[in-house]
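The values are calculated or read from the model by the stated rules, or taken from the named source; none is laboratory data. In this text the structure is predicted, and so the values were computed from the model without any measurement. All Cβ positions, even for glycine, are placed from backbone atoms using ideal geometry, and neighbour counts span all protein chains on display. Calculation scope for accessible area: heavy atoms of the full protein, side chains included, ligands and nucleic acids excluded. Shrake-Rupley method; radii C 1.70, N 1.55, O 1.52, S 1.80 Å.
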Amino acid sequence: MTYILALDQGTSSSRSIVFDDSGRVVAQAQREFTQHFPQPGWVEHDPLEIWQSQLATAREALAKARLQAADMKAIGITNQRETTLVWNRRTGQPVYNAIVWQDRRAEPLCAELREQGHAQAVQAATGLIIDAYFSGTKIRWILDNVAGARAAAERGELAFGTVDSWLLWQLTGGRVHATDVSNAARTMLFNVRENRWDESLLELLKIPASLLPEVHPSSHLFGETDAALLGASLPVGGMAGDQQSALFGQACFKAGMAKNTYGTGCFMLMHTGERFQVSGNGLITTAAAQPHVDRSAAWRPEFALEGSVFIGGAVVQWLRDGLQAISASSEVQGLAESVPDAGGVMFVPAFTGLGAPYWNAEARGAIVGLTRGSTVAHIARAALESIAFQSAALLQAMSRDAVAAGGHPVTELRVDGGACVNDLLMQFQADLLGIPVLRPQVIETTALGAAYLAGLSSGVWRTLDELSSQWKAERVFHPTLPRERAEELMMRWERAVRQATAT
């Protein structure tokens with residue numbers, strides 16, 4: 001049996017999973033780490049705690065699997081995207097905490113860039129909108145606000161990386177400073193059409209090119225780990241940002257294939273092949289994980305359309321902690337199923353504004369359609385259904401973009417993430433969409449994607465067809481609701497959104 005170790009570094013925890021060569025989970029370990037909120041709207045992590053927690057889970061997963069590092073064929077890395085780290089190349093010490101993707105401190109700079117008319121040029125090169133979400137303006141903040149940082153950067157003494165680059169630097173003892181195309185694409189500094197750093201964007205944001213990591217395909221021999229860390233030196237053979245890694249782990253390798261990850265938020269990606277397409281429906285264009293299986297051919301860009309729901313599974317946490325309607329998240333399905341439907345209640349969970357396809361930062365949560373007969377069970381059901389309504393709005397936007405580009409609407413949706421185990425939610429999702437919703441046997445698709453990428457570069461698998469044949473559905477949810485009723489529900493949802501966004 002051949003094994004691969006996947007490092008899954010997330011926003012609130014670090015995990016490591018050992019997979020076998022059939023894509024099955026052998027063992028896993030997870031550790032949470034500290035969230036820092038120094039000011040309203042600011043979110044930071046300690047880079048050294050990220051590294052130490054990730055290394056600890058790697059050792060723990062190997063121990064649980066009763067395997068040695070020498071039994072691993074390779075390591076794959078997947079990570080929270082956009083989170084920004086800058087460190088000293090000589091000492092390896094961070095110059096500041098990691099600025100997390102959720103952090104909004106760079107919004108004034110973004111507003112200035114938008115007002116100066118740079119939005120179209122940024123989107124044409126990167127596929128992104130100008131937003132504090134992405135790494136570029138976070139780097140600029142560090143250079144402008146950390147004492148001595150800009151001077152040190154201009155002397156070539158500092159390195160920037162997203163979390164994948166930071167882990168790679170640590171794993172290789174500072175010998176390798178690199179990233180993959182899917183993470184580079186989230187910096188707002190990378191030309192995704194040409195797979196290169198964009199000099200004009202670096203100049204616009206006043207960021208020295210010497211800070212930047214080398215960019216490779218997502219399946220690539222990035223470097224060898226220090227043997228002392230895990231007990232043997234291992235090749236790091238794959239890296240990808242978490243959502244592109246999940247798309248790869250779901251075997252969505254062809255244009256028109258889509259997946260939705262149901263976590264704290266929801267992230268939906270649709271592969272668009274080699275076609276760069278700017279969305280006309282509020283989505284962003286991003287680089288997909290790029291395996292570069294045929295090394296004899298040129299490395300060609302591959303793309304995906306992406307939409308983000310800010311509050312997905314987090315609405316269940318609000319039912320538990322805010323409304324105190326349940327004492328554990330696992331209770332929500334039973335409470336929701338105690339009523340036949342939501343009784344006309346609509347819940348728009350815009351606690352932090354609305355993401356794609358609405359992009360309304362001023363929206364706030366709203367529960368509408370309440371009557372004297374409404375109960376907490378109706379609100380719980382409406383809360384669950386809100387996850388499906390928001391995801392349906394995303395998929396409809398993607399299908400409109402696909403048709404506008406001469407393609408076809410999405411014909412099935414592959415799902416993963418913690419909330420996809422909720423059968424009531426998945427059935428309602430299929431009913432709204434009118435297409436099958438497929439839940440895989442292995443729902444750890446983010447880590448699996450990293451394992452697949454590492455396995456391709458190290459010879460465990462040789463073709464994408466091999467990986468496609470491994471993907472198996474655990475359950476398929478077929479739509480049962482008449483389309484007229486589904487369309488009526490979506491119209492009521494959009495009306496509720498308008499109420500939540502009215503000023």
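Given a 1.4 Å probe and the protein chains as shown, Glu49 ends up with an accessible area of around 50 Å².
Each peptide in 324-337, 16-29 was scored by the mean count of other Cβ atoms within 10 Å over its residues; highest first, the order is 16-29, 324-337. Our coupling estimate for region 398-415, obtained by passing each phi through the Karplus curve with A = 6.51, B = -1.76, C = 1.60 and θ = phi - 60°, is 4, 5, 4, 5, 4, 5, 4, 8, x, x, 10, x, 4, 9, 7, 10, 8, 10 Hz, Gly and Pro reported as x.
On a per residue basis, region 242-340 carries 36 Å² of accessible surface, using protein heavy atoms and a 1.4 Å probe. The Val376 and Glu214 beta-carbon pair, evaluated with R₀ = 51 Å, returns a calculated FRET efficiency of approximately 0.40. Each Cα pair of region 209-257 feeds into the Kirkwood radius, which the Stokes-Einstein equation turns, at 37 °C and 0.692 mPa s, into a diffusion coefficient of 249 µm²/s. The gain in end-to-end length when the Thr463 to Asp71 segment is fully stretched comes to 138.9 nm, 0.36 nm per residue minus the alpha carbon separation.
Calculation over all alpha carbon pairs of the chain in 20 angstrom steps from 0 returns a P(r) of 24, 57, 18, 0 percent. Within a straight-line Cα-Cα reach of under 21 Å, Lys472 can be paired with the following lysines, leaving aside sequence neighbours fewer than 8 residues apart in one chain: Lys254, Lys259. A Förster distance of 25 Å, applied to the separation of the beta-carbon atoms of Thr91 and Glu194, puts the FRET efficiency at 0.15. Just so you know, the Cα atoms of region 419-503 work out to an Rg and Dmax of 18.5, 57 Å. Temperature 20 °C, viscosity 1.002 mPa s: under these conditions the Stokes-Einstein estimate for region 147-208, based on its Kirkwood radius over C-alpha pairs, is 167 µm² per second. For region 264-337, trypsin sites (Lys or Arg not before Pro) are listed when DSSP marks them as loop and at most 15 other Cβ atoms sit within 10 Å of their Cβ; the list is Arg275, Arg295. Here the label points at Ala151 and Arg495, each 7 Å from Cα along the C-beta direction, are separated by 6.4 nm in the simple model. For region 78-218, the spread of Cα positions along the three principal axes, ordered from largest to smallest, is 42, 35, 27 Å. Taking a straight line from the alpha carbon of Lys206, these lysines sit under 22 Å away, with near neighbours fewer than eight places off in the same chain left out: Lys138.
Expressed as a fraction of 2.2 N^0.38 Å, the value expected for a compact globular protein of N residues, the C-alpha radius of gyration of region 202-290 is 1.39.
Evaluated with a Cβ-only charge set (Lys, Arg +1; Asp, Glu -1), the chain carries a dipole of roughly 80 debye about its Cα centre, given to the nearest 20.
The modelled label-to-label distance for the pair Glu474/Ser338, using points 7 Å beyond Cα in the direction of Cβ, is 2.6 nm. Counting only protein heavy atoms and a 1.4 Å probe, region 363-417 has 37 square angstrom of accessible area per residue. Split the accessible area of the chain by element, probe 1.4 Å, and carbon with sulfur accounts for 50%. Only Cα pairs under 8 Å and 6+ residues apart enter the sum, and on that basis the relative contact order of the chain stands at 15 percent.
Taking all C-alpha pairs of region 1-94, those more than 21 Å from each other amount to 39 percent. Between the beta carbons of Thr34 and Gln324, assuming R0 = 25 Å, the FRET efficiency works out to 0.45 to the nearest 0.05. Annotation: the antiparallel percentage among DSSP beta bridges lying fully within the chain is about 70.
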